[in-house]
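Report on the following structure.
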Amino acid sequence: MGDRKSGSLWSWEIKPWGVRIPLSLVLLGLLGVALLAVGAFVSPVPAKPPSNPTATPVQGFAAAGGDGILGEERALEAELERILSQMVGAGQVQVKIYLSSGRDQILARNETISSKRTDEKDATGGTRSTVEENRGLQPVISRSAGGDRAVVAQELRGSIIGVLVVAQGADDSRVKAELMRSVATILGLPSNRIYITKGR
C-alpha cells in the first residue's frame, strides 16, 4: 500500500494515488491510534456524585475535634469565637449555635433498570411494538454479625435556627451591631435569629 520513496527520507508515498505524506504526519497518526487503543482499556474515573441541593452547609470551616456533625458544629462555634474576639472592643466571646433537631441521612441506593419489548401482529397485518421499562431503587444493606444496616451515603446536619453570642464588649451598641452584622454575614442568617448579650 505505501512505500517510502528512496529519494526522500522524510516522506511516505502512497503508490496508487501518487500522494506524498510527510513522515511526521504518519507518526502522529500512529500515535493517535495508539492513544485511542490504550484509552479503550483504561477505565474512566467515576464521577463524584452531586451534592444535595437542599443542603446548605456553611463553607470554609474544617471539622476539628470530634466526629461527624457534632464535631463540625463545635468547630464552627470555635471558629466564630476566634473571629469575633478579634473585633475591636468585643473582648472575650463565646458562641453557641442551635440546630434544628432533625438530621437527614441520605442512604446509598442501587438503581436497577429493566426494559421489555413486545412486538404484536394484528389480524390485518399491522405490527404494534410495546416497550415496558421498570426502574427500581433499593437501599444498600450492610450485613455484619450485629445485623443488617442500611449504608449511609451522606449525613446532613440540621439547619441553623439560632445563634447566641456572649461578648464582654456587647454593652457598647456599636460593638453589638458589628457582632450582629458579622454573624449574620458569616452564617447567612437574618438578624432575628441572632441574640447578642454582654458577658462578665
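The values are calculated or read from the model by the stated rules, or taken from the named source; none is laboratory data. Quantities reported herein were computed from a predicted structural model and do not represent experimental measurements. Here the Cβ positions follow ideal geometry from the backbone for every residue, glycine too, while neighbour counts run over all protein chains shown.
Results for (1) modelled with pLDDT of 85 or more; (2) β-branched (Val, Ile, Thr); (3) within 28 Å of the chain's Cα centre (by Cα), shown as yes or no for each residue.
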{"position": "Leu80", "(1), (2), (3)": "yes, no, yes"}
{"position": "Leu99", "(1), (2), (3)": "no, no, yes"}
{"position": "Asn110", "(1), (2), (3)": "no, no, yes"}
{"position": "Gly126", "(1), (2), (3)": "no, no, no"}
{"position": "Ile141", "(1), (2), (3)": "no, yes, yes"}
{"position": "Ser144", "(1), (2), (3)": "no, no, no"}
{"position": "Glu155", "(1), (2), (3)": "no, no, yes"}
{"position": "Val166", "(1), (2), (3)": "yes, yes, no"}
Enumerated strands (runs of 3 or more DSSP E) restricted to the range 129-200, each holding at least 1 residues that are without any contact (Cβ under 8 Å) to a residue 60 or more places away in the chain: 141-144, 147-150, 152-156, 194-198
Among residues of the range 160-191, those that are surrounded by fewer than 16 Cβ atoms within 10 Å (Cβ to Cβ), farther than 23 Å from Ala75 by Cα and not charged (D, E, K, R), counted: 2
Given (1) among the β-branched types (Val, Ile, Thr); (2) closer than 15 Å to Ser85 by Cβ; (3) under 24 Å from the mean Cα position of the chain (by Cα), number of the condition Ile196 does not satisfy: (3)
